[in-house]
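Beneath this line is the structure, given in structure tokens, with notes to follow.
Values quoted throughout were computed directly from the atomic coordinates according to the rules given, and no laboratory measurement underlies them. Quick caveat, the model's predicted, so the values are computed rather than measured. Using ideal geometry, Cβ is built from the backbone for each residue, glycine included, and neighbour counts are taken over all protein chains shown.
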């Protein structure tokens, strides 16, 4: 009978089959993720700001449609047939909190035959969207913005 050494008790060295990560490897991964996040976050915020502006502009289109229906009924934009001053209702698109805009109706100086609906940014949207700020639409379909950008870049 020969006595052999059991093979399952043989110890392995650090280089052969070691599992896990070193602290340095983990720190490198965390640093790379932090750099990627620092670059991606401003881009993400820019896209969120633009998306909210586009939603507000779509809502202005809905308000313009509402105003045209109102005009068809009352033959003027500023008041109804009984002489009551017109106030803009809250449409479903304006009650959606994701737009971050306040919508308003502005009768122009010509009153009964013209109007302008505006979307004014609120909260964080107001400080982020300096390019376009307040966007508006009138009865002729003229689009405007009050920021540093151009109408074509904002609409």
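The spacing between region 138-153 and region 20-68, judged by their C-alpha centroids, is 25 Å. Each residue in 116, 69 was given a count of other beta-carbon atoms within 10 angstrom of its own, and listing them fewest first yields 69, 116. Once both labels are positioned 7 Å from their Cα atoms along Cα-to-Cβ, the gap between residue 92 and residue 104 label points is 2.7 nm. Using equal-weight Cα scatterers in the Debye expression, the normalised intensity of region 72-155 in log10 at q = 0.13 Å⁻¹ is -0.48.
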